[in-house]
Every structure is written in C-alpha cells, then in structure tokens.
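Notes follow the structure.
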Amino acid sequence: MSDVLAVTEHRRGELRDVSYEVITAGRELADATGGDLHLAVISGDTERFAEDLDREGVDYIHTVSDGEEFNHDVYVQAIEALHAELDPEVVVMPNSVNGLDYAPAVANRLDLPLATDAVGMEYDGGLTVTREMYGSKVETAVEVGGDQQAVTVRGAEWPAAEGVGDAEISAFDVDIDTDAGSTVTGFEEVGGGDVDISEADFIVSIGRGIEEEENLDLIRDLVEATDATLASSRPIVDNGWLPKNRQVGQSGKVVTPTVYLAIGISGAVQHVAGMKGADNIIAVNTDPNAPIFDIADYGIVGDLFEVVPELIEQFS
C-alpha cells in the first residue's frame, strides 16, 4: 500500500478549479496503489480552504499556514517536509503557472522523476502518464521510472471532485526558512487585460469565420445580449483583433464554462484542447464536416451572419 499526495492551489483568496481536479486524479492513483489520498493546502486561509476541499475520496488534509499568496520557497519547503513525513508513492501537482514554478524544484530536491502536463495516468506497479505531442495531434504513454514519482496534471482533464467527504484535517508545522531568497510583495495580473476568460460561465468565442474585424461589432452585440464573455481562437489574436488574454487553446487559456458558443471556429486540435471541458458546447459553422461538430453538444450548420442576428433577437 502506497499513499498519494496531491497539492491544491488558490489565488487571491479563492481556490482554483484545478484543486478539485487534482483530488479526482489523486484518488484514482490512490485506488490503484491501495493507499490513502493526502491533500496539501499551503498558505492563505487554509482552514476555510480545507473545509471546502473535504470532498468524497479525500482521506487526509494537511494545512501549512505560512504566507498568504503563492511563494515558491514556501511551497517547495512545505511539500518537501510533507513528503518526508508521508513517504507517498506519487506527488500530484497542477500543471499551472504556479505548479510549473515549484514542481521542478520539488522533484530536484526529492530526487524524483517528473512528468509534466499529464492528460491521463495509470498505475500498475509503476506510473504511466499519457501526454500529448505535436500540437495535441498525438497522445503518447510515458512510463515514469523510479520508486516514487512526481507529476503535474493538466487542468480540465479530470472532473472536479464532488460529494461531502470525511477527511481528517490537521495543521502541519514546517520550519520554513524565511531567508530562502524570495518574498511576496503583492499580486499583479501580468498581461491579464480586462477579463479572465478562464473564470467565465458563458463564453461566445469567434474564429476565422467572422472574416473581417468590423464584424466583431455583431458578435459584441450578441455578447451583450447574452451577458456572455468574448473569447476567440488564435487567428483572431494573431490578426490583432482581440488581445492575447481572450485566446482559448493550447497556446492560450483553458476554459471550462457552462456554455461555450463557438462561432466560425473550425475546431483545430489546438483550440479544442482549451475548451473541451465546457459543460455545453454549441457550434455555428457553414461547414457540416467541421471538426468542431465532433465535440459539440449542439450544432447549427449555417451562415453566422444570418444565425447571430437571430440569436440576438431571441435574447434581447
């Protein structure tokens, strides 16, 4: 029997969606290893976070109260100490900006092999990680060596953990070296722009099909009528029609809204990688064979310049 340690994440006082997803990924591994699932909640309002993270499948939650926002050195030292205490088979971390900051340092200090950006995992006496390659066109299975492993998991690939849990919650004391070298002086959204599309509940996203920048006005009318958030595929951003913070996809942001309305988007794998976790996908495209229809829950084969005005009228 071997345990699994999963590290959660928060930002500006709120837990990130990936925190609930690492629970699901970690529980799957713990079931395979025959061990318990331990969660690490580091910095911030750890008591409140722990109560919210007490979901079905979690056995133990360890809180480390040092600091408020993410700090590289605090996370590395806390995870290193938890690993020494728990001796887990696998450490599961988010494949996020923060996760990719501290995960390599954790793996280096603990001498663990690290597999990043996992979209699937299996354990059968050893860890095998599924990763995507060549712009998400190919999936490959990678056997991760070593007696113990570390892995980062891509957001929106595992469902969020649900249900009420009965985990044992306890404070974990770590002697953090405050002279380690980094200090958090504040938080700033670098390049964040006017909105964070990853937090949106209803997204209207546009692609090449809008043809001209002037046609954005029509889409903005729909966005206003539906109280949605405007996003796009990469070509729109490359053309300079929308800022980078509006881009969905492998080189943009991963979004998981309740509704994702894709207008004039063909559905290239790079774009789909960023929105396939949406609860309801609606596609509007003139091409009935467009790949976007392969993942859409609802599809409209038609000219967006005819369809969008009808939608505006219905929602107005």
Test set (1) outside any strand (DSSP E or B); (2) of a type in the set (A, V, I, L, M, F, W, C); (3) over 11 Å from ILE42 (Cβ atoms); (4) under 21 Å from the mean Cα position of the chain (by Cα) - ALA84 fails condition number: (4)
In contact with an Asp or Glu (Cβ under 9 Å, 6 or more places away or on another chain) and hydrophobic (A, V, I, L, M, F, W, C): does that describe VAL237? no
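Within the range 39-76, track down each residue that is of a type in the set (S, T, N, Q) and either on the phi > 0 side of the Ramachandran plot or touching a Lys or Arg at 6+ places or on another chain (Cβ under 9 Å) (or both).
Answer for the range 39-76, where residues must be of a type in the set (S, T, N, Q) and either on the phi > 0 side of the Ramachandran plot or touching a Lys or Arg at 6+ places or on another chain (Cβ under 9 Å) (or both): just SER43.
Counting just the residues of the range 1-31 that are of a type in the set (S, T, N, Q) and not in a helix (DSSP H, G or I), which one comes out modelled with the highest pLDDT?
THR8
Conditions (1) under 20 Å from GLY44 (Cβ atoms); (2) touching a Ser or Thr at 6+ places or on another chain (Cβ under 9 Å); (3) assigned to a loop (DSSP other than H, G, I, E, B), marked per residue:
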| site | (1), (2), (3) |
| --- | --- |
| GLU139 | no, yes, no |
| GLU143 | no, yes, no |
| ALA156 | no, yes, yes |
| ASP175 | yes, no, yes |
For the range 242-262, how many residues are surrounded by fewer than 24 Cβ atoms within 10 Å (Cβ to Cβ) and hydrophobic (A, V, I, L, M, F, W, C)? 3
Report yes if some residue within the range 244-253 is touching a strand residue (DSSP E or B) at 6+ places or on another chain (Cβ under 6 Å), in contact (Cβ under 8 Å) with a residue 60 or more places away in the chain and closer than 23 Å to GLU132 by Cβ; otherwise report no. no
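Just give me the residues in the range 112-137 being among the hydroxyl-bearing types (Ser, Thr, Tyr) and under 14 Å from ARG154 (Cα atoms), in sequence order.
Scanning the range 112-137 gives THR116, THR130, SER136.
A quick yes/no check of all residues on (1) in contact (Cβ under 8 Å) with a residue 12 or more places away in the chain; (2) hydrophobic (A, V, I, L, M, F, W, C); (3) surrounded by 19 or more Cβ atoms within 10 Å (Cβ to Cβ):
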residue: VAL64; (1), (2), (3): yes, yes, yes
residue: ASP73; (1), (2), (3): yes, no, yes
residue: GLU80; (1), (2), (3): yes, no, no
residue: HIS83; (1), (2), (3): yes, no, yes
residue: ASN98; (1), (2), (3): yes, no, yes
residue: ALA105; (1), (2), (3): yes, yes, no
residue: LEU110; (1), (2), (3): yes, yes, no
residue: ALA115; (1), (2), (3): yes, yes, yes
residue: TYR123; (1), (2), (3): yes, no, yes
Report, by residue number, each residue of the range 125-137 that is out of contact with any strand residue (DSSP E or B) (no Cβ under 8 Å at 6 or more places or on another chain) and either assigned to a strand (DSSP E or B) or touching a residue at least 60 places away in the same chain (Cβ under 8 Å) (or both). GLY135, SER136, LYS137
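In this structure, does VAL41 turn out to be touching a Pro at 6+ places or on another chain (Cβ under 6 Å), of a type in the set (A, V, I, L, M, F, W, C) and either surrounded by 22 or more Cβ atoms within 10 Å (Cβ to Cβ) or not in a helix (DSSP H, G or I) (or both)? Write out each step before concluding.
Values: touching a Pro at 6+ places or on another chain (Cβ under 6 Å): no; of a type in the set (A, V, I, L, M, F, W, C): yes; either surrounded by 22 or more Cβ atoms within 10 Å (Cβ to Cβ) or not in a helix (DSSP H, G or I) (or both): yes.
Against the criterion (touching a Pro at 6+ places or on another chain (Cβ under 6 Å), of a type in the set (A, V, I, L, M, F, W, C) and either surrounded by 22 or more Cβ atoms within 10 Å (Cβ to Cβ) or not in a helix (DSSP H, G or I) (or both)), VAL41 does not qualify.
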Matching residues in the range 158-173 - criterion: being more than 18 Å from SER43 (Cα to Cα) and among the aliphatic types (A, V, I, L, M): ALA160, ALA161, VAL164, ALA167
Test result for LYS276, basic (Lys, Arg), out of contact with any Ser or Thr (no Cβ under 7 Å at 6 or more places or on another chain) and closer than 25 Å to VAL153 by Cβ: yes
Can you tell me which of GLY252, GLY186, GLY240 is more than 28 Å from GLN314 (Cβ to Cβ) and outside the structural domain of PHE305 (by TED's automatic domain parsing)? GLY186
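The values are calculated or read from the model by the stated rules, or taken from the named source; none is laboratory data. What you see is a predicted model, and the numbers here were worked out from it, not measured in a lab. In this analysis, Cβ positions are derived from the backbone assuming ideal geometry, glycine residues included, and neighbour counts consider all displayed protein chains.
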